[in-house]
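Here is the structure we will look at, set down as structure tokens.
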Amino acid sequence: MMGHSRDGSIRKLWVADTAAFRDHLLRLDPQTRRNRFGMSAGDDFIKRYAENSFALDTLIHGVFVGGDLVGVGELRSLGKTHEDAEAAFSVETDWQGRGFGSRLMERVLLAARNRRIERLYMNCLASNGNMQRLARRHGADLQYEGGDVVGIMVPETPTPVSYLREAVRDSYGWASAMVDLQKRALPTNLFGA
């Protein structure tokens, strides 16, 4: 991990990122998987989940460090009216504690705001203190239900500035994705490197 940038770059994921999304989820250690899904999740479940996520009404932001996807924030609509949505997050263990969760939360909240989501839910296990702290820092009202905690947030009303902020970030993210795609497609010794 020594040679990696600590900052990482965040962008929306596209269908072409399905394999990177799947591989990120597969790299999660058992406790982080349990925290993310609220249950034990085997490799077959993870593969199906990743394949189906881009077909559903889901928007996913990812943190890339050195070209590797190491964390994601998901915004998933909960119904046809799009009034309610769920947010879910995962950051690989070696990359936790670097602020990636907060940065992903900001992106998910902006996306929810601009899609006029009225209530954003975050479900987590009662033992997942990191997620509860993240939710509280971003204004969630936490409700304890048995062994789970539900955080409820009400995103702000969108403004022209919030739409512009997302559009600018998407433009940079798209350009970054194209550069990454070219790096993967070009032979590494093309320029004698």
Where a residue in the range 17-38 is over 22 Å from residue 97 (Cβ atoms) and its partner, wherever it lies, is open to solvent by 30 Å² or more (accessible area, probe 1.4 Å) and assigned to a helix (DSSP H, G or I), with Cβ under 8 Å and at least six apart: 18/51; 22/47; 22/51
Failed condition for residue 95, given (1) out of contact with any Asp or Glu (no Cβ under 9 Å at 6 or more places or on another chain); (2) at positive phi: (2)
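To keep it simple, each residue is scored yes or no on (1) surrounded by fewer than 11 Cβ atoms within 10 Å (Cβ to Cβ); (2) among the basic types (Lys, Arg); (3) at pLDDT 90 or above.
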| position | (1), (2), (3) |
| --- | --- |
| 125 | no, no, yes |
| 131 | no, no, yes |
| 138 | no, no, yes |
| 146 | yes, no, no |
| 161 | yes, no, yes |
| 165 | no, yes, yes |
| 178 | yes, no, no |
| 186 | yes, no, no |
Single residue of the range 1-23 satisfying the filter (small (Gly, Ala, Ser) and in a helix (DSSP H, G or I)) that is modelled with the lowest pLDDT: 16
Matching residues in the range 77-97 - criterion: being of a type in the set (Gly, Ala, Ser) and either open to solvent by less than 70 Å² (accessible area, probe 1.4 Å) or in contact with a Gly (Cβ under 6 Å, 6 or more places away or on another chain) (or both): 77, 79, 85, 87, 88, 90
Qualifying position, being surrounded by fewer than 20 Cβ atoms within 10 Å (Cβ to Cβ), of a type outside the set (D, E, K, R) and in a helix (DSSP H, G or I), among 26, 56: 26
Selection status of residue 74, modelled with pLDDT of 95 or more and not aliphatic (A, V, I, L, M): yes
Residues that are part of a strand (DSSP E or B) and more than 16 Å from residue 84 (Cβ to Cβ), drawn from the range 137-182: 142, 144, 145, 148, 149
Residue 101 vs. criteria within 20 Å of the chain's Cα centre (by Cα), at pLDDT below 90, crowded, with 19+ Cβ neighbours inside 10 Å and part of a helix (DSSP H, G or I): no
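Go through the range 36-50 and give me each residue that's open to solvent by 70 Å² or more (accessible area, probe 1.4 Å) and either touching a Pro at 6+ places or on another chain (Cβ under 9 Å) or aromatic (Phe, Trp, Tyr) (or both). Spell out the reasoning first.
Let us first name the residues in the range 36-50 that are open to solvent by 70 Å² or more (accessible area, probe 1.4 Å), namely 39-40, 43-44, 47-48.
If the condition is that a residue be open to solvent by 70 Å² or more (accessible area, probe 1.4 Å) and either touching a Pro at 6+ places or on another chain (Cβ under 9 Å) or aromatic (Phe, Trp, Tyr) (or both), then 40 is the only one that fits.
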Inter-residue pairs, beta-carbon under 7 Å, first over 13 Å from residue 9 (Cβ atoms) and in the range 166-177, second small (Gly, Ala, Ser), 6+ apart: 166/111
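The values are calculated or read from the model by the stated rules, or taken from the named source; none is laboratory data. What you see is a predicted model, and the numbers here were worked out from it, not measured in a lab. Note: ideal-geometry Cβ built from the backbone for every residue, glycine included; neighbour counts use all protein chains shown. Only protein heavy atoms, including side chains, enter the accessible area calculation; ligands, DNA and RNA are left aside. Shrake-Rupley method; radii C 1.70, N 1.55, O 1.52, S 1.80 Å.
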